[in-house]
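To keep things clear, I will list the structure first and then write my remarks on it.
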Amino acid sequence: MHEMSLIESVVGLIEDERRRQTFSRVRTIRLRVGKLGHAEPEALRFCFDAITAGTIAEGAELLIQMVPGAGWCDQCDRTVPLDDRFEPCPFCGSQVRMTAGDDLKVAELEVD
Ligand SMILES: [Zn+2]
């Protein structure tokens with residue numbers, strides 16, 4: 001499952017962070033998830049519960065913020081919104097190069 005590896009990398013990131021600053025518990029994890037990345041929030045939550053069991057992040061609240069996609073249109077010479085990875089430019093209809101919206105980032109980590 002795609003979401004499984006995404007959450008695994010999030011947990012890895014939290015463990016790295018723990019080596020830098022000591023904390024005993026993760027209270028909240030705020031994720032920014034690109035809408036074009038095909039990661040389902042429900043699946044992310046499910047994987048989160050499964051993967052964090054027994055780790056420092058167990059019991060943390062997972063907040064998921066979906067981020068819209070964006071692409072670069074050469075014809076319009078500007079960034080345009082994208083609802084789908086292969087969608088044409090909404091202004092001129094030509095092909096758009098996706099520039100944002102398929103990644104997953106930890107936006108905020110609240111720890112004790
Ligand atoms: Zn265009």
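Given contacts defined as C-alpha pairs under 8 Å and at least six residues apart, what's the relative contact order of segment 16-112, whole-number percent? Don't jump to the answer; show the numbers that get you there.
On the way: 182 pairs, mean separation 39.7, N = 97.
In percent, rounded to a whole number, it is 41.
Output the 0 to 90 degree angle, nearest 10, between the alpha-carbon long axis of helix 41-52 and the longest principal axis computed from the alpha carbons of the chain.
That helix lies at roughly 30 degrees to the long axis.
Fully extended, how many nm does the chain gain between T79 and C92 (0.36 nm per residue separation, minus their Cα-Cα distance)?
So the chain would gain 3.4 nm between T79 and C92.
Say each of D49 and A70 gets a label point 7 Å from the Cα, pointing the same way as Cα to Cβ; how far apart are those two points in nm?
So the two model labels end up 3.5 nm from each other.
Can you give the extra length, in nm with one decimal, that the chain gains between R30 and T99 once fully stretched, where that is 0.36 nm per residue apart less the Cα-Cα distance?
22.6 nm
To check you understand DSSP bridge types, tell me what percent of the beta bridges within segment 14-112 (both residues inside) are antiparallel, rounded to 5.
70 percent
What list of ³J(HN,Hα) couplings, whole Hz, do you get for segment 78-86 from phi and the Karplus terms 6.51, -1.76, 1.60, once you set θ to phi - 60° and write x for glycine and proline?
7, 7, 10, x, 10, 9, 9, 3, 10
With 5 Å bins from zero, work out the P(r) of the chain over every alpha carbon pair and list the percent per bin.
In whole percents, the pair-distance histogram is 2, 12, 20, 19, 13, 10, 9, 7, 5, 2, 0.
All of the numbers you see were taken from the coordinates with simple rules; none came from a lab. None of the values given here were measured: they were computed from a predicted structure. All Cβ positions, even for glycine, are placed from backbone atoms using ideal geometry, and neighbour counts span all protein chains on display.
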